[in-house]
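Engineer: Before anything else, here's the structure in question.
The values are calculated or read from the model by the stated rules, or taken from the named source; none is laboratory data. None of these values were measured; they are calculated from a predicted model. FYI the Cβ positions are ideal-geometry reconstructions off the backbone, even for glycines, and counts take in every protein chain you see. Each accessible area value is taken on the protein alone, full model and side chains, heavy atoms only, with ligands, DNA and RNA left out. Shrake-Rupley method; radii C 1.70, N 1.55, O 1.52, S 1.80 Å.
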Amino acid sequence: MAIEQMTMPQLGESVTEGTISKWLVAPGDKVNKYDPIAEVMTDKVNAEVPSSFTGTITELVGEEGQTLQVGEMICKIETEGANPAEQKQEQPAASEAAENPVAKSAGAADQPNKKRYSPAVLRLAGEHGIDLDQVTGTGAGGRITRKDIQRLIETGGVQEQNPEELKTAAPAPKSASKPEPKEETSYPASAAGDKEIPVTGVRKAIASNMKRSKTEIPHAWTMMEVDVTNMVAYRNSIKDSFKKTEGFNLTFFAFFVKAVAQALKEFPQMNSMWAGDKIIQKKDINISIAVATEDSLFVPVIKNADEKTIKGIAKDITGLAKKVRDGKLTADDMQGGTFTVNNTGSFGSVQSMGIINYPQAAILQVESIVKRPVVMDNGMIAVRDMVNLCLSLDHRVLDGLVCGRFLGRVKQILESIDEKTSVY
Amino acid sequence: MSTNRHQALGLTDQEAVDMYRTMLLARKIDERMWLLNRSGKIPFVISCQGQEAAQVGAAFALDREMDYVLPYYRDMGVVLAFGMTAKDLMMSGFAKAADPNSGGRQMPGHFGQKKNRIVTGSSPVTTQVPHAVGIALAGRMEKKDIAAFVTFGEGSSNQGDFHEGANFAAVHKLPVIFMCENNKYAISVPYDKQVACENISDRAIGYGMPGVTVNGNDPLEVYQAVKEARERARRGEGPTLIETISYRLTPHSSDDDDSSYRGREEVEEAKKSDPLLTYQAYLKETGLLSDEIEQTMLDEIMAIVNEATDEAENAPYAAPESALDYVYAK
């Protein structure tokens with residue numbers, strides 16, 4: 001009896017990771033060698049991964065939707081009467097490899113690429129007098145990457161060869177390719193009766209994007225209120241005939257997106273991205289719109305929104321929303337956004353603080369249109385359709401003044417929409 | 001009832017069954033290689049699946065003691081018929097030192113084995129065509145009765161190498177058999193986007209040699225065509241261009257996702273004419289194969305494949321120092 005590990009196979013040259021799209025087995029299942037155990041998705045191919053052993057599945061380490069580096073363990077299989085030779089090959093002694101830099105067969109199975117140096121690595125190491133035997137590679141198969149060397153140079157010198165460290169650092173290039181600092185956070189434990197929902201797929205992407213945005217970008221916030229009484233009256237007056245002729249709804253949101261696109265053209269600072277030592281002002285105005293489903297959130301993109309009519313934008317919104325509902329959104333539909341408009345008003349919010357859609361510089365929340373008593377210029381009180389526009393901004397890129405002017409311009413455009421405005 | 005076609009072609013019952021056995025062995029080795037690739041044990045697979053009948057039918061029509069073959073990367077059926085073993089192929093798949101093709105240096109599918117007159121090829125496609133013509137010329141100069149058999153895909157037939165080789169061979173009436181294994185796709189490019197002519201064999205007349213198109217799913221039809229070409233070569237009448245029509249049942253390689261360029265229905269439809277099924281049906285109709293015989297054959301083949309897999313998996317890699325061998329003469 002022995003416990004064997006199945007690892008994420010390299011499904012194609014230059015493929016470095018795979019996502020488990022579906023487990024075909026569960027703990028306790030008996031499998032034969034070459035029986036399919038999981039469906040795995042990679043940049044290149046989608047494939048069924050067969051078992052390398054005959055035995056019983058004892059543990060699924062990777063979850064569905066989880067992306068694992070090539071070589072990381074995905075499950076454990078208990079085999080009967082395992083062949084010791086085979087075992088040795090599967091679980092090579094890492095310490096041996098560490099103590100003996102001229103890796104022989106055992107070590108080679110472990111870090112077969114340790115001694116395959118790229119010209120860039122050789123040159124950098126030569127220039128900085130780094131002994132490559134002393135370096136732990138984080139690339140596939142223990143290969144030393146240019147980044148490994150650069151990190152060494154930045155942190156000042158060669159790592160001391162610490163056998164303990166090498167032992168533990170051995171096979172999984174997990175901590176490797178993404179050198180994220182270890183999370184110290186302690187998570188709550190679930191109590192009896194609680195429901196545990198695994199974090200997979202889109203939820204995971206949302207979590208990491210939000211965290212990245214909120215931790216990297218210094219957010220500032222501002223709000224302006226806009227009187228859209230005339231716009232509401234106008235839209236309501238053409239709503240039915242528009243639906244009849246065009247076949248889709250003319251929503252208020254289309255008017256807002258159009259106004260934002262137009263104002264962005266006049267304030268290109270708002271349509272930009274922080275890029276470390278520079279700010280990139282984007283030429284194209286591509287508006288990301290947030291579309292929610294029951295349990296997730298997508299931000300498809302209306303490309304070149306400034307060149308489109310209100311009708312054109314309404315059509316894009318309808319099309320993208322349908323794709324989200326049908327699960328047919330493509331990667332291309334979500335790429336290239338330069339500014340986000342979020343329709344928080346759709347569920348009744350009147351004020352909200354959006355998290356910027358990384359790496360954009362700002363996000364505008366369009367809140368609910370509500371009827372409110374407003375003191376007009378002539379001192380009279382009137383019932384008006386009012387809406388709050390809330391703007392979150394990257395304070396590295398933008399300051400209050402330009403944002404205020406931009407919002408003011410959006411307000412001006414919206415307040416001037418009336419029956420003389422064309423949606424075509 | 002079907003007629004006994006193999007006897008009419010001069011094939012014994014044993015040879016007819018051996019052809020099937022070789023096709024089945026090629027298929028099973030190929031299938032195993034996919035499993036090994038998908039479990040992360042071998043880096044790359046490029047398949048013969050769907051083309052076994054053309055490959056094996058052709059190889060059986062040659063003089064397997066004398067002739068030279070210059071296979072292209074899918075020709076597992078050809079090299080098995082010419083004496084390469086399952087173990088040899090697995091050693092290549094695992095890139096082990098004992099790989100007779102290149103000692104683990106080349107990618108799988110770069111077949112080469114001197115003792116069996118299988119001539120190694122380069123990765124750029126079609127380079128083997130002029131080589132085949134050169135070998136035929138050498139045979140002529142040395143007054144040997146040999147033919148050079150060279151295969152390539154229909155995509156390769158658009159390369160300059162093909163033109164140069166075909167032209168030279170025809171001008172000098174050299175004993176070359178050009179066999180185009182038309183599997184309808186050049187990686188992702190379908191036939192009608194590769195060539196404007198109806199058949200690849202239409203090109204033969206332009207070089208002044210006969211050209212035929214045969215059903216690549218029928219090993220006997222391919223056997224007949226290659227047999228005739230071999231006899232022309234022997235008589236000094238020059239080269240022949242044979243086109244075998246079959247279908248690539250797998251993606252281009254283990255690194256390819258074919259669902260992005262061809263429909264599943266198309267592949268399923270092609271599987272109905274899988275040469276292993278149709279030829280098996282023929283052998284059963286002629287009484288050469290029964291379920292029992294087939295099962296025994298399959299068990300034997302799986303034992304061979306399993307043994308080859310285990311042996312290759314546990315075999316040593318080439319020593320790093322050997323990387324420079326064969327680069328300079330010693």
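Engineer: So if a site counts as exposed when it's one of the GluC sites (Glu not before Pro), its DSSP state isn't H, G, I, E or B, and it has at most 16 other Cβ atoms within 10 Å, what's the longest stretch of chain A without one?
Structural biologist: A:295-418
Engineer: Using DSSP to call loops (not H, G, I, E or B), can you name the chymotrypsin sites (Phe, Trp or Tyr not before Pro) in segment B:235-330 whose Cβ has at most 14 other Cβ atoms within 10 angstrom?
Structural biologist: Passing both the DSSP loop test and the Cβ count: B:261, B:326, B:328.
Engineer: What is the distance, in nm, between label points placed 7 Å from the Cα along the Cα-to-Cβ direction at residue A:295 and at residue A:59?
Structural biologist: Taking the simple label geometry, residue A:295 and residue A:59 are separated by 2.6 nm.
Engineer: Separate question: Extension gain residue B:291-residue B:66, at 0.36 nm per residue separation less the Cα-Cα distance, in nm?
Structural biologist: 77.4 nm
Engineer: Rounded to whole Å and sorted largest first, list the principal axis extents of the Cα atoms in segment A:1-77.
Structural biologist: Result, largest extent first: 35, 20, 18 Å.
Engineer: Express the carbon and sulfur contribution to the solvent-accessible surface of segment A:279-334 as a percent, rounded to the nearest whole number, probe 1.4 angstrom.
Structural biologist: 51 percent
Engineer: Same structure again: For a test of the definition: using alpha carbon positions, the gyration tensor, and the 1.5 limit on a/c, classify segment A:216-414 as rounded, prolate or oblate.
Structural biologist: oblate
Engineer: Another question, then. Where a ≥ b ≥ c are the square roots of the eigenvalues of the C-alpha gyration tensor, would you call segment A:216-265 rounded, which needs a/c under 1.5, or, failing that, prolate if a/b is larger than b/c, or oblate?
Structural biologist: prolate
Engineer: Which trypsin sites (Lys or Arg not before Pro) in segment A:180-243 pass both tests, a DSSP loop state and at most 13 other beta-carbon atoms within 10 Å?
Structural biologist: Answer by residue number: A:182, A:195.
Engineer: Okay, moving on. Looking at chain A, do any whole DSSP H helices span at least 18 angstrom along their long axis by alpha carbon and average -0.5 or above on Kyte-Doolittle, and which?
Structural biologist: Values: long enough: A:201-216 (23 Å, -1.01); A:229-246 (24 Å, -1.07); A:252-266 (22 Å, 1.05); A:310-326 (24 Å, -0.21); A:400-415 (22 Å, 0.53).
Helices passing the filter in chain A: A:252-266, A:310-326, A:400-415.
Engineer: In whole percent, and with a 1.4 Å probe on the protein chains, what portion of the accessible area of segment B:3-314 is carbon and sulfur?
Structural biologist: 52 percent
Engineer: While we're here: Keeping all protein chains in place, calculate the accessible area per residue for chain A (probe 1.4 angstrom), answer in Å².
Structural biologist: I get 55 Å² per residue for chain A.
Engineer: Could you state how much accessible area is buried at the A-B interface, both sides summed, with a 1.4 Å probe, in Å² to the nearest 100?
Structural biologist: Chains A and B together bury approximately 1300 Å².
Engineer: For chain B, what is the charge dipole size about the Cα centre, in debye to the nearest 20, if Lys and Arg each add +1 at the Cβ and Asp and Glu each add -1 at the Cβ?
Structural biologist: The dipole magnitude comes to about 1020 debye.
Engineer: Going Cα to Cα from residue A:323, which aspartates and glutamates come in below 20 Å? Please leave out same-chain ones fewer than 8 positions away.
Structural biologist: Here the aspartates and glutamates satisfying the reach criterion relative to residue A:323 are A:246, A:294, A:295, A:332, A:333.
Engineer: How far apart, in nanometres, would the label points at residue A:192 and residue B:202 be if each is projected 7 angstrom from Cα along the Cα-to-Cβ direction?
Structural biologist: 8.0 nm
Engineer: How big is D, in µm² s⁻¹, for chain B by Stokes-Einstein at 37 °C and 0.692 mPa s if Rh is the Kirkwood radius over C-alpha pairs?
Structural biologist: 163 µm²/s
Engineer: Give, ordered by residue number, each residue of segment B:244-268 whose 1.4 Å probe accessible area is reduced by a minimum of 30 Å² on adding the remaining protein chains to the chain alone.
Structural biologist: The answer is B:255, B:257 - residues whose exposure falls by at least 30 Å² when every protein chain is included.
Engineer: Quick check: Cα centre of segment A:245-285 to Cα centre of segment B:241-306, how many Å?
Structural biologist: 56 Å
Engineer: Taking all protein chains as present, what is the carbon and sulfur share of the accessible area of segment A:363-405, in % to the nearest whole number, probe 1.4 Å? Don't jump to the answer; show the numbers that get you there.
Structural biologist: Values: 1230 of 2130 Å².
In segment A:363-405, the share of accessible area belonging to carbon and sulfur is 58 percent.
Engineer: Let me ask something else about it. Measure off 7 Å from each Cα along the Cα-to-Cβ vector at residue A:422 and residue A:330, then give the distance between these two points in nanometres to one decimal.
Structural biologist: Roughly 3.2 nm, to one decimal.
Engineer: Another one. Got a sec? Which residues of segment B:30-54 lose 40 Å² or more of accessible surface with every protein chain in place, vs. that chain alone, 1.4 Å probe?
Structural biologist: Buried on complex formation: B:35, B:38, B:39, B:41.
Engineer: A further question follows. How much accessible area per residue does chain B have, counting only protein heavy atoms and a probe of 1.4 Å, in square angstrom?
Structural biologist: 43 Å²
Engineer: Identify all aspartates and glutamates with a Cα-Cα distance to residue B:330 below 15 Å; exclude those on the same chain that are fewer than 8 residues away in sequence.
Structural biologist: Hits, sequence-local ones excluded: B:321.
Engineer: Can I ask one more? What are the lysines whose alpha-carbon lies under 30 Å from the alpha-carbon of residue B:271, with same-chain residues fewer than 8 places away excluded?
Structural biologist: A:22, A:33, A:44, A:328, B:28, B:41, B:87, B:184, B:193, B:227, B:284
Engineer: Counting alpha carbon pairs within less than 8 Å and at least 6 residues apart, what relative contact order, in whole percent, applies to chain A?
Structural biologist: 13 percent
Engineer: What does the convex hull of the Cα atoms come to per residue for the protein assembly as shown, in Å³?
Structural biologist: Per residue, the Cα convex hull of the protein assembly as shown comes to 248 Å³.
Engineer: Okay, helix-only estimate at 222 nm for the protein assembly as shown: each DSSP H run of n ≥ 4 adds -39500 (n - 2.57), divide by all residues, round to 500 deg cm²/dmol; what do you get?
Structural biologist: So the calculated ellipticity at 222 nm is -11000 deg cm²/dmol.
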